[in-house]
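This report refers to the structure that appears directly beneath it.
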Amino acid sequence: MYISRAFGVALLGTLSLSAQAIEWKIFDPAPYSQSVTDCDREAAHPDDPNKVLPGKTSREMNLETAIRVCRADLKNDQNNPRLKYQLARSLTYAGKVTEALPFIEEAATQKYPQALFVVGYLYLEGSYASPKDPCRAASLIRESAIHGRLAGLLGYPSYVLNGRFEGCSLRVDPQELLELVRKAKTFKLDYYPSVLAESLDARLR
């Protein structure tokens, strides 16, 4: 099915179709060290569901320090997707997105939920001068939703309904979108995500 700006209207007329249950996936951090590193202290994202301590906003980060310690910690633990993501985060904020993308892509290949969503968002928006690729973004953001990342659970249905994946060849199940939103509503949501979830739920019903 090709996505167009009129898709949201057509979608609402097809919700009587029988739903195919989503095969939810869970990222297992057990194979990777969960010990707190300097990279975690300097570059963990507050919204990363697999962070090992509270994290810092971009404004709180010292990017030079974060890049240095994340490089060192990743050198000592080369397969850890959490550290790959955090190094990529630091490099991206420092304007080094070309250098960051291989690290975040590797973390996404390992199905690290935060990396799946963030690299998808980068490709969707072309943020920080990253390449713009909405169709690749659609796949990554949907995958982050299937892995339970809240931003993907709400972001993917919203982007589909708003025509952000226009021209992409996607098999969109409207019932799947509704199930993603309802999964998001099981989270303890702050005000704005709760408003978005209610809005999406109403549109999809």
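Using a ≥ b ≥ c from the Cα gyration tensor of segment 77-142 (square roots of the eigenvalues), is it rounded, prolate or oblate, where a/c under 1.5 gives rounded and otherwise the larger of a/b and b/c decides, a/b for prolate? Oblate, since a/c reaches 1.5 and b/c is not below a/b. Sparse packing (at most 12 other Cβ atoms within 10 Å of the Cβ) combined with a DSSP loop state is found for the following trypsin sites (Lys or Arg not before Pro) in segment 103-182: ARG171. Report the net charge of residues surrounding SER169, where surrounding means a beta-carbon distance below 14 angstrom and charges are Lys +1, Arg +1, Asp -1, Glu -1. So the surrounding residues net to +1.
When the charge dipole of the chain is built from unit charges on Cβ atoms (+1 for Lys and Arg, -1 for Asp and Glu) and taken about the Cα centre, the candidate among ALA145, HIS45, THR65 whose Cα reaches farthest toward its positive end is ALA145. Think of the chain as having a plus end and a minus end, set by charges on the Cβ of Lys, Arg, Asp and Glu; of ALA88, LEU161, ILE22, LEU161 sits farthest toward the positive end of this dipole.
Excluding same-chain neighbours fewer than eight residues apart, the lysines reachable from LYS185 by a Cα-Cα span under 21 Å are LYS25. Ranked for footprinting exposure by Cβ neighbours inside 10 Å, fewest first, CYS70, CYS135 give CYS135, CYS70.
Values quoted throughout were computed directly from the atomic coordinates according to the rules given, and no laboratory measurement underlies them. From a predicted model like this one, the values you see are computed outputs, not experimental measurements. Reconstructed Cβ throughout: ideal geometry from the backbone, glycine too, with neighbour counts over all protein chains shown.
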